[in-house]
Amino acid sequence: MAFLLRVPLFLLAVCVVDLATGQDRILMMNGEIHEGKVLGQSTLEVRYLQKTRSGRLKERAEPTEEVFSVIDSLGKERVWYFHDTVFGNDLTVDQMRWFLNGERDARNGYKPTWPMIGAFATGAGLVIGLNWEMNGLFIPPIVAGAMALPRVHVTPGSISDPVMEGDMYYATGYARVARSKRVIRTLVSAFAGVAVGLAVRQLIINPNLDTE
């Protein structure tokens, strides 16, 4: 009986050691990388153990159709993505790899600083200058929608590998994530600008106009 109890404890200890020393990497089709100890792979799902922030081990599963590849702790890769236009997989394996690298770099390093400043200034300026109140709520969606159109400029230093710069598929993946990131952040910035504009109008400008 004591031996049977030791076996699961031993296996758990092995998993903990593996997670601490060498983790497997799961490359997702959205460019994200999940690290942990892969327990099993099939055409349906990839199951793995991942360490949570509290230090506990939690079993997770990802649908295989959302997984590009799995790289074990020794560097051996198993690619689940396949090129088949019938299924909508128009890019080859190598092209998709570059595309995902672009998505990953944009997610980690793209910073739409100037668009956010412009969105904030637009929201605050129009509300203050035109004395808009409820109409100011139309500003953020319009500004964010406009930010979906311009070309994406790569944030300096966000490219993880200089060799990838200029590649068409890398640039497409980068632009895809960066554009959505820019839209969301300018939307938030424009709302913040509208809020500041309303506060300035109500607390500073309007009271002074009433006393004249």
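The values are calculated or read from the model by the stated rules, or taken from the named source; none is laboratory data. Quick caveat: nothing in here was measured; it's all calculated off a predicted structure. All Cβ positions, even for glycine, are placed from backbone atoms using ideal geometry, and neighbour counts span all protein chains on display.
I'd like to check something: does segment 125-132 contain any residue that is part of a loop (DSSP other than H, G, I, E, B) and touching a helix residue (DSSP H, G or I) at 6+ places or on another chain (Cβ under 7 Å)? Yes, segment 125-132 contains at least one residue that is part of a loop (DSSP other than H, G, I, E, B) and touching a helix residue (DSSP H, G or I) at 6+ places or on another chain (Cβ under 7 Å). The residues of segment 18-75 that are of a type in the set (Asp, Glu) and not in a strand (DSSP E or B), listed by number, are Asp18, Glu32, Glu65, Glu66, Asp72. Among the residues of segment 79-97, the ones that are touching a residue at least 12 places away in the same chain (Cβ under 8 Å), assigned to a helix (DSSP H, G or I) and either in the same structural domain as Arg185 (by TED's automatic domain parsing) or not hydrophobic (A, V, I, L, M, F, W, C) (or both) come to 2 in all.
Phe138 falls short on exactly one of the conditions (1) loosely packed, with under 14 Cβ neighbours inside 10 Å; (2) not in a helix (DSSP H, G or I), and that condition is (2). Is it the case that segment 99-122 has a residue that's more than 30 Å from Ala195 (Cβ to Cβ) and either exposed (fewer than 14 other Cβ atoms within 10 Å of the Cβ) or in contact with a Lys or Arg (Cβ under 6 Å, 6 or more places away or on another chain) (or both)? No, there is no match, as no residue in segment 99-122 is more than 30 Å from Ala195 (Cβ to Cβ) and either exposed (fewer than 14 other Cβ atoms within 10 Å of the Cβ) or in contact with a Lys or Arg (Cβ under 6 Å, 6 or more places away or on another chain) (or both). Within segment 57-77, being under 15 Å from Met96 (Cβ atoms) and surrounded by fewer than 14 Cβ atoms within 10 Å (Cβ to Cβ) holds for Glu65, Glu77.
What pairs come up if the first residue lies in segment 16-27 and is of a type outside the set (Lys, Arg), the second is modelled with pLDDT of 50 or more and assigned to a helix (DSSP H, G or I), and their beta carbons are under 7 Å apart, counting only those six or more places apart or on different chains? What qualifies is Leu27/Leu100.
Restricting Arg179, Arg185, Arg151 to residues that are among the charged types (D, E, K, R), crowded, with 18+ Cβ neighbours inside 10 Å and closer than 22 Å to Gln95 by Cα narrows the list to Arg179.
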